[in-house]
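Participant: Quick one: this structure, given as structure tokens, is what I'll be asking you about.
The values are calculated or read from the model by the stated rules, or taken from the named source; none is laboratory data. Fair warning: this is a prediction, and the values are worked out from it, not measured in the lab. Here Cβ is always computed from backbone atoms with ideal geometry, including for glycine, and neighbour counts include all displayed protein chains. What goes into the accessible areas is simple: the full protein's heavy atoms, side chains included, and nothing from ligands, DNA or RNA. Shrake-Rupley method; radii C 1.70, N 1.55, O 1.52, S 1.80 Å.
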Amino acid sequence: MLLLALGFLLVMLQPSAGQFPRVCANVQSLLSKECCPPWDGDGTPCGELSSRGSCQNILLSQAPLGPQFPFSGVDDREDWPSVFYNRTCRCEGNFMGFNCGECKFGFSGPNCTERQVRTRRNIFQLTTSEKNKFLAYLNLAKNIPSQDYVIATGTYTQMNNGSNPMFRDINVYDLFVWMHYYASRDTLLGGSNVWRDIDFAHEAPGFLPWHRAFLLMWERQIQKITGDENFTIPYWDWRDAEDCGVCNDEYMGGRHPTNPNLLSPASIFSSWQVICTRSEEYNSQQALCSATSEGPLRRNPGNNDKSRTPRLPSSADVEFCLSLTQYESGSMDKMANYSFRNTLEGFADPQTAISNPSQSSLHNALHIYMNGSMSQVQGSANDPIFVIHHAFVDSIFERWLRRHRPMLEVYPAANAPIGHNRENYMVPFIPLYRNGEFFKPSRDLGYDYEYLQEPALESFQDFLTPYLQQARQIWAWLVGAAVFGGIVTAVLTGLIKACQKKKGGTSSEIQPLLIESEDYNNITYQSNF
């Protein structure tokens with residue numbers, strides 16, 4: 001009870017990261033298309049008085065898109081978030097948030113100037129108390145309403161272009177389930193028509209950056225509602241696993257004794273209700289998921305279609321994937337060949353990198369293997385295994401970034417499927433994040449993975465430290481040698497000058513230049529370093 005009360009208090013006091021800010025889910029904000037809430041610290045929009053940010057027009061990418069979505073002006077997610085808002089807070093320096101009231105990922109302190117790097121750990125390496133705390137945090141998030149964000153229950157057209165707002169409250173955990181649904185849902189075309197070949201979070205270049213941002217926001221939200229600023233998402237290393245090692249009551253819930261599709265009553269997750277799983281029903285009604293309960297969490301690991309996913313991923317699959325040098329290729333969708341992203345996502349063969357959507361490997365394999373709520377894309381985040389699975393997928397992405405050290409330009413700037421170009425804003429996040437902002441090493445975003453940490457030198461200062469220590473040990477000898485060398489040099493110089501005077505000088509004609517004058521301007525300095 002104490003933890004629950006603390007959670008409510010913290011949620012009331014601190015902003016969170018998610019979808020529609022509650023303070024902007026009203027007629028005035030929708031009709032003016034402006035979402036620039038005041039920062040509590042000074043009462044001005046975006047904390048402008050404190051130089052935290054200012055209300056600015058949204059700058060949308062004009063880069064051309066791929067051919068996968070042949071429509072325009074039919075989906076609220078096009079040119080996100082311009083259908084709802086065209087002015088939002090643009091934060092300065094290390095400030096972030098829908099009102100610039102937070103720090104960017106990787107920074108903390110009252111002025112967001114303190115760098116920090118937290119470590120995500122293997123779930124099997126957690127102590128019993130650490131593991132139980134993680135499970136309690138998950139359950140807490142499922143039972144605390146978000147104070148800062150609401151979800152849309154209708155399209156902008158159904159809201160009469162903003163004059164009839166349609167929003168509702170949601171708990172913290174389900175807020176993220178809903179965001180994952182909203183990013184991957186089908187386009188409603190009217191009548192009974194929908195367009196299925198669209199996804200703002202999957203099957204294209206943004207898959208890895210989008211989920212990286214999603215996990216960071218989820219992680220920060222848990223830190224806030226619990227007051228545990230050092231919390232990090234644990235990861236499940238599923239390489240070479242023969243079964244679901246976390247599918248037991250000690251971790252993420254075991255199998256029900258009489259119904260193999262449900263969770264054990266001994267697990268706290270057996271009481272969880274899922275949302276946003278009935279995509280065909282929403283499509284037929286031309287409606288959005290309203291986040292109403294749709295039954296218990298379902299999972300039947302291993303009893304999946306073996307012709308599609310015969311086994312869980314191996315270490316060899318991961319290593320081959322990491323060897324691919326191209327982040328993206330070809331059509332930049334699930335048909336891309338030799339694409340690291342498409343292979344890791346699981347649409348390409350992990351032994352050849354040739355696209356094969358009839359098979360599900362690597363990331364996709366885990367979803368199919370779970371054979372339940374996690375196996376349907378739009379509602380997959382209902383299963384808490386989702387976060388520990390995607391944390392490990394993100395770690396593989398991180399390994400690829402460290403191995404190949406790509407420039408930002410490696411991420412496609414144009415011609416990717418809708419919403420996936422480098423400068424596109426990620427759907428449905430407010431505050432706004434561009435895809436390219438998360439195509440960078442995790443340490444730049446304030447976190448690392450335990451199994452990726454090395455005793456490597458952290459900086460040039462670290463490189464110099466052992467040599468400086470040695471120098472301090474022999475400094476007296478070094479000073480003495482320098483003084484002696486100076487005296488010897490001075491004596492020799494005096495002797496040479498004396499000899500030159502005795503000889504009466506030497507003609508310049510017999511002193512050749514080291515570099516002939518006509519060649520001087522052609523000299524270049526080269527280095528093999």
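Participant: On the basis of being basic (Lys, Arg), more than 28 Å from Pro310 (Cβ to Cβ) and open to solvent by 10 Å² or more (accessible area, probe 1.4 Å), does Arg220 make the cut?
Facilitator: yes
Participant: Still on this structure, please answer the following. How many residues are part of a loop (DSSP other than H, G, I, E, B) and more than 13 Å from Gly97 (Cβ to Cβ) if we restrict to segment 24-72?
Facilitator: Number of matching residues: 22.
Participant: Inside segment 427-443, can you point out the residues that are within 25 Å of Gln125 (Cβ to Cβ), surrounded by fewer than 20 Cβ atoms within 10 Å (Cβ to Cβ) and either within 11 Å of the chain's Cα centre (by Cα) or of a type in the set (Gly, Ala, Ser) (or both)?
Facilitator: Matches in segment 427-443: Pro441 only.
Participant: What's the number of the condition His367 fails, among (1) in contact with a Lys or Arg (Cβ under 6 Å, 6 or more places away or on another chain); (2) over 23 Å from Leu445 (Cβ atoms); (3) not basic (Lys, Arg)?
Facilitator: The one condition His367 does not meet is (1).
Participant: Okay, next question. Name every residue in segment 269-301 that is of a type in the set (Gly, Ala, Ser) and buried (at least 16 other Cβ atoms within 10 Å of the Cβ), in order of residue number.
Facilitator: Ser270, Ser279, Ser290, Ala291
Participant: List every residue pair whose Cβ atoms sit under 6 Å apart, with the two residues 6 or more apart in sequence or on different chains, where the first one lies in segment 255-266 and is open to solvent by less than 80 Å² (accessible area, probe 1.4 Å) and the second, anywhere, is of a type in the set (Ser, Thr, Tyr).
Facilitator: Within 6 Å, the pairs are His256/Ser264; Leu263/Ser270.
Participant: For segment 22-35, how many residues are open to solvent by less than 20 Å² (accessible area, probe 1.4 Å) and within 27 Å of the chain's Cα centre (by Cα)?
Facilitator: 2
Participant: For segment 422-434, what are the residues that are among the aliphatic types (A, V, I, L, M) and in a strand (DSSP E or B)?
Facilitator: Scanning segment 422-434 gives a single hit, Ile430.
Participant: Taking segment 272-323, which residues are touching a residue at least 12 places away in the same chain (Cβ under 8 Å), assigned to a helix (DSSP H, G or I) and either within 20 Å of Val172 (Cβ to Cβ) or over 28 Å from the mean Cα position of the chain (by Cα) (or both)?
Facilitator: Within segment 272-323, Tyr282, Asn283, Ser284 qualify.
Participant: Has segment 307-318 got any residue that is under 21 Å from Val393 (Cβ atoms), crowded, with 18+ Cβ neighbours inside 10 Å, out of contact with any Phe, Trp or Tyr (no Cβ under 7 Å at 6 or more places or on another chain) and at pLDDT 95 or above?
Facilitator: For segment 307-318, residues under 21 Å from Val393 (Cβ atoms), crowded, with 18+ Cβ neighbours inside 10 Å, out of contact with any Phe, Trp or Tyr (no Cβ under 7 Å at 6 or more places or on another chain) and at pLDDT 95 or above: present.
Participant: Okay, moving on. Can you name every residue in segment 159-185 that is on the phi > 0 side of the Ramachandran plot, open to solvent by 50 Å² or more (accessible area, probe 1.4 Å) and not polar (S, T, N, Q)?
Facilitator: Within segment 159-185, none qualify.
Participant: Which of the following residues is in a loop (DSSP other than H, G, I, E, B) and either β-branched (Val, Ile, Thr) or modelled with pLDDT of 95 or more (or both): Ile198, Ile225?
Facilitator: The unique qualifying residue is Ile198.
Participant: Test Arg77 against the stated conditions and say whether it is within 21 Å of the chain's Cα centre (by Cα), farther than 21 Å from Tyr447 by Cβ and in a strand (DSSP E or B).
Facilitator: When the stated conditions are applied, Arg77 does not pass them.
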